[in-house]
1. Can you put B:D122, B:D174 in order, fewest other beta carbons within 10 Å first?
2. Please work out, to two decimal places, the log10 of the ratio I(q)/I(0) at q = 0.08, 0.11, 0.16 Å⁻¹ from a Debye calculation in which every Cα of the protein assembly as shown carries one identical scatterer.
3. Fully extended, how many nm does the chain gain between B:L202 and B:I157 (0.36 nm per residue separation, minus their Cα-Cα distance)?
4. Quick one: order B:Y171, B:Y20 by neighbouring beta-carbon count within 10 Å, fewest to most.
5. What ratio of Cα Rg to 2.2 N^0.38 Å holds for the range B:128-175?
6. Convex hull over the alpha-carbon atoms of the range B:95-214: what's its volume per residue in Å³?
7. Hey, rough spin-label estimate for A:A20 and B:K81, points 7 angstrom out along Cα→Cβ, what's it come to in nanometres?
8. So if I take the centroid of the Cα atoms in the range A:4-52 and the same for the range B:15-83, what is the distance between those two points in Å?
Amino acid sequence: MMTELFYMNGYGIYVWSSFAFTFLSFISLYLVIKNQYMKEKNKFIAKFGNLNSERAASARLQRINKEILSNTSTI
Amino acid sequence: MFQLLEPNRIFSITSKAPKYVLLLFILVVSIGLTEALILSPEDYKQSHSVRIMYVHVPAAWISLGIFSTMTILSIVSYIFKIKNFFLISKSLAPSGFVFNVIALVTGSIWGKPTWGTWWAWDARITSMLILALFYLMYLIACRIYENKEQVLKITLIITILGIINVPIIKYSVDWWNTLHQPASINILSKSTIHSSMLLPLLIMTAAFALFSLLIFLMKYNTELIKIKNKGLDRL
């Protein structure tokens, strides 16, 4: 059963390499996009931390800024 | 209606959605892989190599769908000056490009046992390659042009020129003699694919669509935070 699943009448190499390429592409794309997301988010948090209290208060009024700061749990 | 799509309004949803989409993707792709690799039957002619269809066809469909969506968004964004539509289009491009590359590579791997060659300058393969080049041009344009007006114009031109290629990809198998077979799945007429193969194909398409949604959401959130970063610089 397992040998048949891997060998697939001699087509296993083609089938498995197609699926492997697809899922490696998925993982690579996911990691690249996640990395970009984390970089921008960390930049935002650092910039926000450098604001003086008055500017931070005015920036915090924007709902989206609050969302970025509160949503620390990432994907 | 367009105001409902304002980034400030939808960020609270788009920032929380990816983890649920990822979970759903893992669930659907697990079912899809079981169906595609174990439960679905082999083809009487192509034997097990037919299983490549379950990654090749959904990838091609989704890359075509994403490019068509990007074109509509680019046109609407340019005419009505809705920047968010450009942002959505820009966030869709990376997954569209990757799906296009997957369709080309898996098609090439499938070609070897089926046609005896890795590559042929067949009408459909060539038109898919051209679509990948349009995706690449779009991604490069977004990267190199800083001026907002300029980037809107350039990406609009790229998508309009690229969309001409989409019906060519679709009908190339009917218009020319190609190595590809005519479409087996038709919306308006009866499909010629057996249900035991159609089911895994549809599940894998749903899984790939979920993955592109996940990448879109993550990229869109990144773009929004990038804009907010620029806003903090101005404070």
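1. B:D174, B:D122
2. -0.42, -0.75, -1.33
3. 12.9 nm
4. Listing B:Y171, B:Y20 from fewest to most nearby Cβ atoms yields B:Y20, B:Y171.
5. So the Cα radius of gyration is 1.32 times the expected 2.2 N^0.38 Å.
6. It comes to 139 Å³ per residue, whole-number rounded.
7. The two pseudo-label positions are separated by 5.4 nm.
8. Cα centroid to Cα centroid, the span is 15 Å.
Values in this text are rule-based calculations from the coordinates and carry no lab data. This one's a predicted model, so the numbers in the text were calculated from it and none came from an experiment. Backbone-built Cβ (ideal geometry, glycine too); neighbour counts: all protein chains shown.
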